[in-house]
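A quick write-up on the structure given underneath.
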Amino acid sequence: MPARLILNADDFGLTSGINRAIGELSAAGVLTSATLMANGPAFDDAVTMARAHSALGVGCHVVLTDGVPISRPETIPSLLGADGKSFRPSVVEFVRALLLGRIREDDVAREATAQIEKLQGAGIRVTHIDTHKHTHLFPSVLRPLLEVAGRTGVHAIRNPFEPAWSLALGQGSLGRRVAVRLVGGLRRRFNAQPQIRDGLVLTTDGTIAISATGHLNSTTLAEILLALPAEGTYELCCHPGYCDDDLSRVKTRLRAHRDVEREALLSEVSGVLNRPNAPVPMHYGDLGASE
């Protein structure tokens, strides 16, 4: 069986320009999946876009850092920053609080449930869960998310670890590659979670292009796709969009590069999908049926 490839765009719902790019890429057949931010400023526009592109799998991009919660702030105090109203403004602060035991798993579960249910209430069939900044690398975030997945009927989750063959390409900054390798030590604990071990919540063999985030262009994308193994199921994580006025008004480190990623997907993916023994494009909702 040839390899299977989920082409997933994060940050659906962040701006209308990101939503437009995701719709265009889905229509072009070079994007199969996107994860929607329940607290994104362009959430309603994203829901409309998702309805217009029924082939696009839509997951929930659970946000626990850098933004405002869906839950009432007083119900999730351990997730909040100094203002008591919004999440901690950086992933570094979030991880520090997590490692110090200051974040309660039931707060994570409550907020994740609220975000997933917001998507479902808008008519979205949620194909999977992932997290903003990959915070479910850590077991104390992963555990409540897996429990919430079971309660809300979501049957898949991103494997947030980059496989060795992808890391070996040496893409991205040295600091990011080192960080990705360091957190790779948590992979065994991810795989050992009962829901994942027993196949109750499905996942992939890894997520590619994590280390290349911010450096994913036509050259690096082509290199990744050509290195894809002949077997296995992988997710390509990307952040396409349009660098427009809306994007300038939101907090994100990826701005002009969203145009670069959009153009790279358009220029490189179709050729790879049309070559002999090409990977089979899919989204997370196809995962169980493709096993």
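The values are calculated or read from the model by the stated rules, or taken from the named source; none is laboratory data. Small disclaimer: the values here were computed from a predicted structure and weren't measured. For neighbour counting, all protein chains shown are included, and Cβ atoms are generated from backbone atoms with ideal geometry for every residue, glycine included.
Look through the range 87-107, keep the residues that are among the small types (G, A, S) and under 26 Å from R176 (Cβ atoms), and return whichever of them is modelled with the lowest pLDDT.
In this case the residue turns out to be S90.
Taking S86, is it of a type in the set (S, T, N, Q) and surrounded by 17 or more Cβ atoms within 10 Å (Cβ to Cβ)?
Here the answer is yes, as S86 does meet what is asked.
Do we find that T219 is among the hydroxyl-bearing types (S, T, Y) and closer than 19 Å to G57 by Cβ in this structure?
No: the conditions fail for T219.
For the range 45-79: of the residues being free of Cβ contacts under 8 Å to residues at least 24 places away in the same chain and in a helix (DSSP H, G or I), which is surrounded by the most Cβ atoms within 10 Å (Cβ to Cβ)?
Among residues in the range 45-79 that are free of Cβ contacts under 8 Å to residues at least 24 places away in the same chain and in a helix (DSSP H, G or I), the one surrounded by the most Cβ atoms within 10 Å (Cβ to Cβ) is P73.
A97: in a helix (DSSP H, G or I), small (G, A, S) and over 23 Å from Y284 (Cα atoms), yes or no?
Spelling it out, A97 is indeed in a helix (DSSP H, G or I), small (G, A, S) and over 23 Å from Y284 (Cα atoms).
So which of V126, V154 ends up being more than 30 Å from L100 (Cβ to Cβ) and under 15 Å from the mean Cα position of the chain (by Cα)?
Every option except V126 fails the conditions.
If I filter the range 281-291 for residues that are in contact with a Pro (Cβ under 9 Å, 6 or more places away or on another chain) and either in a loop (DSSP other than H, G, I, E, B) or not β-branched (V, I, T) (or both), do I get at least one hit?
Checked against the condition, which is being in contact with a Pro (Cβ under 9 Å, 6 or more places away or on another chain) and either in a loop (DSSP other than H, G, I, E, B) or not β-branched (V, I, T) (or both), the range 281-291 yields no hits at all.
What residue, among those in the range 27-37 that are under 22 Å from Y234 (Cβ atoms) and surrounded by fewer than 24 Cβ atoms within 10 Å (Cβ to Cβ), is farthest from the chain's Cα centre (by Cα)?
Going through the qualifying residues, I end up with A28.
For the range 236-274, which positions are of a type in the set (S, T, N, Q) and either out of contact with any helix residue (DSSP H, G or I) (no Cβ under 7 Å at 6 or more places or on another chain) or outside any helix (DSSP H, G or I) (or both)?
Answer for the range 236-274, where residues must be of a type in the set (S, T, N, Q) and either out of contact with any helix residue (DSSP H, G or I) (no Cβ under 7 Å at 6 or more places or on another chain) or outside any helix (DSSP H, G or I) (or both): S248, T252, S270, N274.
Please determine whether any residue of the range 261-271 is basic (K, R), farther than 28 Å from I196 by Cβ and surrounded by fewer than 16 Cβ atoms within 10 Å (Cβ to Cβ).
There is no residue in the range 261-271 that is basic (K, R), farther than 28 Å from I196 by Cβ and surrounded by fewer than 16 Cβ atoms within 10 Å (Cβ to Cβ).
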